[in-house]
Amino acid sequence: MAEILNNPKKRQFFERRKAVQRNTSCQYCGTLITMQSIDGEHQYACPECHSTIYRPGQRFRYVIAMALASLLLIIPTMLLPMYSLVIFGDKRELTLIEMGLYFFGNGFDFIAFIVLITGIILPILSQLLLIIMLTDFIWFHKIERVAPLYLFYSSIKEWKLIEVYLISVFIAVLKLESMGIFTFDFGVVTFTLSVLCYYIATVWFNPQDIWHSRELRE
Amino acid sequence: MNSDIKANKTLCLHCNHLHNESEEQCHFCGAQISQRKPFSITLTWGYTIISILFMIPANLLPIMKITSMGKIKYSTIYSGIVDFANEGSYGIAAIIFTASIFVPIFKISVLLYMLILTKIKSKKHAIIGVKLYKIIHLIGKWSMLDIFVVGIMISLVQYDFFISISAGGALFAFSLVVLLTILATQSMDPRLMFDHLEDKEDY
């Protein structure tokens, strides 16, 4: 039996629906676990290693809303400059893509590739996948269509570094401040908001709820 | 301890469903499944050893070359931290030190600790190992901070004669260290520390 952690907030997703029992095993220590009732009110932990096994996620429509907000905010981030630096009267402005692209053609193609893929392309792709996958599921309830998308989403989970990119933008500011006249542009604000929405969407989304909601509906 | 191996069950790590041992593909999400991550110990040892080897050039070679009015200054990871500390920005120096030096060394130490525990079975230490594994899983990617910072500085500070920055060899080595430690964390299966625990008399 799994340990039940107290979760006093009632999750609306599971209102007026039947609770299900589920057998699984801990991915950290291999212990077989039975979760007594998945009803959106309880979190479960492994009795051996005390790792959280299941924590109810937020309603899918809220996850879609956050992912959409993040994607919409990334559009002005790409177009507007992030900041500008003036040294001896010469001004340079930089957008998000230019930061990643500058490495190409300077002998560091490998790092340029890593920065672009992990910092920009994969996070945007994952938000797009989340929107397509969850909208499809809410409308059609067909697991067969959602499963391949979810598999790809789960495979790229480790490689999304957009929040590291955000913090590095702020730390680079502190190094650049001493070099010349430095000003923030609006791109930084939209980038910060976009990453916040992305992070909230990722935390709110629990993929196991896809299968739990299916069991509940049958 | 009732483990999934003793019950002949396999867990799909993507969707957390249990299957019978004989099944090779998860019929919920379509992923390839196995009782334990394939070649976990071999791959983790390989990635860890290579990342240790690459730590040497990452710390010795310069990460940035700053050319200012004809004067060239090479900056390594250490000298960057020391410059910040001398200017009085102890907070930033601490962040860069944590992200570039402490985190990679901590990750490699935890991976070695877990790999040793797969041979020397001890339940008490295995539970500590699981907690440490979750920590390195979370903070692993933050070592890329320094690489992104250097990348941003190189893209922005290109003022020809007055001041320009270009990348040094340590950038390549350090990014490899971070990538390899992320791969090592991904390939490591913490359940291997708990397998065959009951074969020992007292655990």
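Before moving on, here are some points about what is shown:
- Close amide H pairs (under 5 Å, H built 1.01 Å from N) link residue A:185 with A:83, A:84, residues at least 5 positions away or on another chain.
- Sum of -39500 (n - 2.57) over DSSP H runs of 4+, divided by residues of chain B (222 nm, nearest 500): -16500 deg cm²/dmol
- Overall form of region B:39-199 per C-alpha gyration tensor (a/c, 1.5; a/b vs b/c): prolate
- Loop sites in region A:96-197: GluC sites (Glu not before Pro), DSSP, at most 15 other Cβ within 10 Å: A:177
- From phi via Karplus (6.51, -1.76, 1.60), per-residue ³J(HN,Hα) for region B:62-78 in Hz, x at Gly/Pro: x, 8, 9, 10, 9, 10, 10, 6, x, 8, 10, 10, 8, 10, 9, 4, 5
- Within a Gaussian network of chain A (alpha carbon springs, distance under 10 Å), most fluctuating of A:83, A:199, A:28: A:28
- Helical contribution to [θ] at 222 nm, DSSP H n ≥ 4, -39,500 (n - 2.57), averaged over chain A, rounded to 500: -16000 deg cm²/dmol
- Taking the number of Cβ atoms within 10 Å of each Cβ as an exposure proxy, the fewest-first ranking of A:39, A:136 is A:136, A:39.
- Proxy reagent accessibility, fewest Cβ within 10 Å first, across A:139, A:204: A:139, A:204
- Residues whose amide H comes within less than 5 Å of that of residue B:10, counting only those at least five positions distant or on another chain, are B:19, B:20, B:21 (H built at 1.01 Å from N in the peptide plane).
- For chain A, hydrophobic long helices are taken as DSSP H runs at least 15 Å long by C-alpha position along their axis with mean Kyte-Doolittle hydropathy of 1.6 or more; these are A:60-79, A:122-140, A:162-176, A:186-204.
- Within the protein assembly as shown, A:197 have no other Cys Cβ under 4.7 Å of their Cβ and so lack a disulfide-compatible partner by this rule.
- Using C-alpha pairs below 8 Å separated by at least 6 residues, the relative contact order for chain B is 30 percent.
- Modelled spin labels at residue A:88 and residue B:65, positioned 7 Å past Cα toward Cβ, are 1.9 nm from each other.
- For residue A:28, distant residues with modelled amide H under 5 Å away: none
- Cα centroid of region A:170-203 to Cα centroid of region B:106-123, whole Å: 38
- Neighbour counting of Cβ atoms within 10 Å sorts the residues B:17, A:212, B:27, fewest neighbours leading, into B:27, B:17, A:212.
- Whole-Å semi-axes of region A:60-217's equivalent ellipsoid (Cα gyration tensor): 36, 16, 11
- Note on chain B: with a GNM built from Cα contacts shorter than 10 Å, the maximum mean-square fluctuation among B:175, B:40, B:164 falls on B:164.
- Given 15 as the ceiling on other Cβ atoms within 10 Å, longest exposed-site-free region of chain A for trypsin sites (Lys or Arg not before Pro) in DSSP loops: A:19-141
- Average Cα contact separation per residue, region A:60-217, under 8 Å, 6 or more apart, as relative contact order %: 42
- 3J(HN,Hα) from dihedral phi, region B:180-186, Karplus parametrisation 6.51/-1.76/1.60, rounded to Hz, x for glycine, proline: 5, 5, 5, 5, 5, 5, 5
- Spatial offset of region A:23-38 relative to region B:147-193 amounts to 38 Å, using the alpha carbon center of each.
- Cα gyration tensor category, rounded, prolate or oblate, for the protein assembly as shown with a/c compared to 1.5: oblate
None of the figures in this text is laboratory data; all of them are computed from the coordinates on show. Only a predicted model underlies this, so the values are computations on that prediction, with no experimental measurement involved. All Cβ positions, glycine included, derive from the backbone under ideal geometry; neighbour counts span all protein chains shown.
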